[in-house]
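Worksheet: the structure to be examined is printed underneath.
The values are calculated or read from the model by the stated rules, or taken from the named source; none is laboratory data. Just so you know, these numbers come straight off a predicted model, no measurement behind them. Ideal geometry is used to build each Cβ from the backbone, glycine not excepted, and the neighbour counts take in all protein chains shown. Areas reflect the complete protein model, heavy atoms only, side chains present, ligands, DNA and RNA absent. Shrake-Rupley method; radii C 1.70, N 1.55, O 1.52, S 1.80 Å.
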Amino acid sequence: MAGISVDTGKCIGSAQCVLAAPDVFDQDDDGFVVVLDDSPSGAAEAAARTARGLCPAQAISVHD
Amino acid sequence: MTSTDLVPFMLRRPGAPFPPPEYADFRERPGLVKAALPSGETVWLVTRHEEVRSVLTDPRISSNPTHEGFPRPSRTVGAPSADDVPGWFVSLDPPDHNRFRKALIPEFTVRRIRSLRPAVEEIVDRSIDQMTAKGDSADLVEDFSLSVPSLVISSLLGVPKVDRDFFEEKTKVLVTLTSTDEERDKASEHLLRYINRLISIKSKRPGDDLISKLLQGGLLTPQELSGVAMLLLIAGHETTANNISLGVVTLLQQKQWIGDERAIEELLRYHSVADLVALRVAVEDVEIGGQLVRKGEGIVPLVAGANHDPEVFERPHEFDPSRSATGHVAFGYGVHQCLGQNLVRLEMDVAYRGLFQRLPNLEIAVPLEELQFKYDGVLFGLHALPVRW
Ligand code: HEM
Ligand code: SF4
């Protein structure tokens with residue numbers, strides 16, 4: 001299991017995270033990232049790590 | 001050759017659609033490669049995936065063309081800046097850029113873009129109707145690929161249906177090779193005037209469209225909004241059209257991937273049409289991949305180079321949708337990463353579904369060697385794509 005946090009100040013609403021890990025991330029009506037599951041495990045955790053690598057604004061942190 | 005020798009730029013893609021073969025050689029060299037643009041200016045070329053991403057996220061590197069040393073690629077007078085066109089936010093750095101992005105992202109969320117599917121389907125269907133009404137052959141570029149993105153953007157902006165033909169005709173002039181500079185200037189003047197009129201109409205009678213919502217949001221001035229609308233139009237037209245056409249060529253050669261959703265991401269990576277779009281300049285001394293880049297030196301992060309970097313994408317010249325192509329930088333990276341990317345994915349998906357379902361016998365009407373690729377513009381693509389069905 002990993003802990004997820006995001007820096008909405010950096011987020012540019014590209015939605016890479018929503019596409020890569022829809023169980024972990026969503027966008028609010030303003031387009032900014034929201035965390036749906038801040039301690040994912042298994043496949044969702046792996047997807048969240050992928051999303052961290054894809055995020056163009058480096059707004060996602062994954063803590064072990 | 002050592003890395004200090006100048007290489008001439010721009011380079012061609014003889015094995016189209018692949019990026020210029022020189023990129024593979026550049027990637028192997030230590031540091032960056034110094035190149036001379038046709039204007040005589042020198043720039044640093046960046047071809048490795050990791051370094052393209054670091055250039056596009058480094059705060060010491062700017063998108064603002066008013067900085068000394070900003071690259072000017074061939075045959076253009078240089079990129080417009082937000083000084084020339086208020087609202088041209090692709091050329092603003094943070095924090096000035098933030099306000100525009102914040103104003104626009106609600107209109108481009110995954111949910112919002114999904115809700116546009118029926119409207120995009122209608123546009124694609126209508127475009128196929130019009131193309132097939134003319135006979136059993138066409139130029140797919142002119143008769144389909146250029147129409148769809150223009151109609152989609154006009155619907156997004158809230159251009160009334162009766163004006164869409166006008167809008168489409170003018171936007172086509174902007175991207176057609178045979179247009180003269182004068183015709184282009186005139187078309188963009190007409191479009192700008194039209195957009196300004198649309199903004200004033202929407203401020204009195206708002207609808208459920210992007211312009212009305214941005215006016216109500218109050219984050220942007222009407223003058224900025226007209227620059228934003230022009231940017232959306234220009235950024236989203238030929239880029240999308242070229243991808244649609246190139247994708248048809250690639251899918252017709254490898255028909256097993258038609259209808260496979262993974263094909264879209266791989267097509268974006270494989271063709272990397274916007275290779276020369278993300279231009280930058282260093283505003284402080286900065287080291288990139290072991291290369292010292294001085295303040296005031298231009299940088300060209302080549303997204304086709306990054307997207308064909310074998311360190312990240314094995315057998316990069318193979319079109320293989322079963323690979324994970326996410327992580328490509330066809331839409332750039334960093335704060336300017338393409339605002340329209342989810343709209344592009346939708347348009348490509350709907351366009352291919354429409355074309356291949358309605359025209360199951362679609363084929364290219366000339367031998368592949370005769371296809372005319374665009375080498376000389378900022379965007380890679382096809383001048384024409386003769387097809388029959
Ligand atoms: C396949 C089609 C497309 C490709 C390959 C593409 C590529 C790109 C690239 C590489 C950038 C980054 C530029 C930079 O970093 O300097 C960009 C930015 C942008 N694109 Fe796209 N684009 C496409 C379609 C669209 C569409 C359909 C729209 C709008 C409806 C659009 C709107 C924008 C805007 C507004 C920006 C500037 C974003 C910012 O500065 O924050 N693009 N695009
Ligand atoms: S990928 Fe990054 S920038 Fe894009 S929406 Fe998610 S957190 Fe925001």
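One table, with the values for the structure above:
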{"quantity": "Residue check for B:Gly305: within 16 Å of ligand 2 (Cβ to nearest atom) and either in contact with a helix residue (DSSP H, G or I) (Cβ under 7 Å, 6 or more places away or on another chain) or on the phi > 0 side of the Ramachandran plot (or both)", "calculated": "no"}
{"quantity": "Lone unmet requirement of (1) open to solvent by less than 60 Å² (accessible area, probe 1.4 Å); (2) within 21 Å of B:Arg27 (Cα to Cα); (3) within 14 Å of chain A (Cβ to nearest Cβ) for B:Asp349", "calculated": "(2)"}
{"quantity": "Whichever residue in region B:255-273 is open to solvent by 50 Å² or more (accessible area, probe 1.4 Å) and outside any helix (DSSP H, G or I) and, among such residues, is modelled with the lowest pLDDT", "calculated": "B:Glu261"}
{"quantity": "Selection count, region A:1-23, where residues are open to solvent by 20 Å² or more (accessible area, probe 1.4 Å), among the small types (Gly, Ala, Ser) and either under 25 Å from B:Arg114 (Cβ atoms) or touching a Cys at 6+ places or on another chain (Cβ under 6 Å) (or both)", "calculated": "1"}
{"quantity": "Filter pass, B:Val329 being part of a loop (DSSP other than H, G, I, E, B) and surrounded by 22 or more Cβ atoms within 10 Å (Cβ to Cβ)", "calculated": "yes"}
{"quantity": "Options B:Glu68, B:Glu121: the member that is at pLDDT 95 or above, more than 16 Å from ligand 2 (Cβ to nearest atom) and either within 17 Å of B:Leu276 (Cβ to Cβ) or surrounded by fewer than 21 Cβ atoms within 10 Å (Cβ to Cβ) (or both)", "calculated": "B:Glu121"}
{"quantity": "Which numbered condition B:Leu157 fails, given (1) surrounded by fewer than 19 Cβ atoms within 10 Å (Cβ to Cβ); (2) of a type outside the set (Val, Ile, Thr); (3) touching a residue at least 24 places away in the same chain (Cβ under 8 Å)", "calculated": "(1)"}
{"quantity": "Exclusive hit being in contact with a Phe, Trp or Tyr (Cβ under 8 Å, 6 or more places away or on another chain) and either hydrophobic (A, V, I, L, M, F, W, C) or more than 12 Å from ligand 1 (Cβ to nearest atom) (or both), set B:Phe331, B:Phe319", "calculated": "B:Phe319"}
{"quantity": "Residue match in region A:22-40 (condition: farther than 19 Å from B:Pro106 by Cα and more than 10 Å from the chain's Cα centre (by Cα))", "calculated": "yes"}
{"quantity": "Options A:Ala44, A:Ala51: the member that is assigned to a helix (DSSP H, G or I) and in contact with an Asp or Glu (Cβ under 9 Å, 6 or more places away or on another chain)", "calculated": "A:Ala44"}
{"quantity": "Scan of region B:211-264 for residues that are within 15 Å of ligand 1 (Cβ to nearest atom), within 14 Å of chain A (Cβ to nearest Cβ) and closer than 28 Å to B:Gly327 by Cα, ordered by number", "calculated": "B:Ile264"}
{"quantity": "Residue check, B:Asp185 assigned to a loop (DSSP other than H, G, I, E, B), open to solvent by 10 Å² or more (accessible area, probe 1.4 Å) and not aliphatic (A, V, I, L, M)", "calculated": "no"}
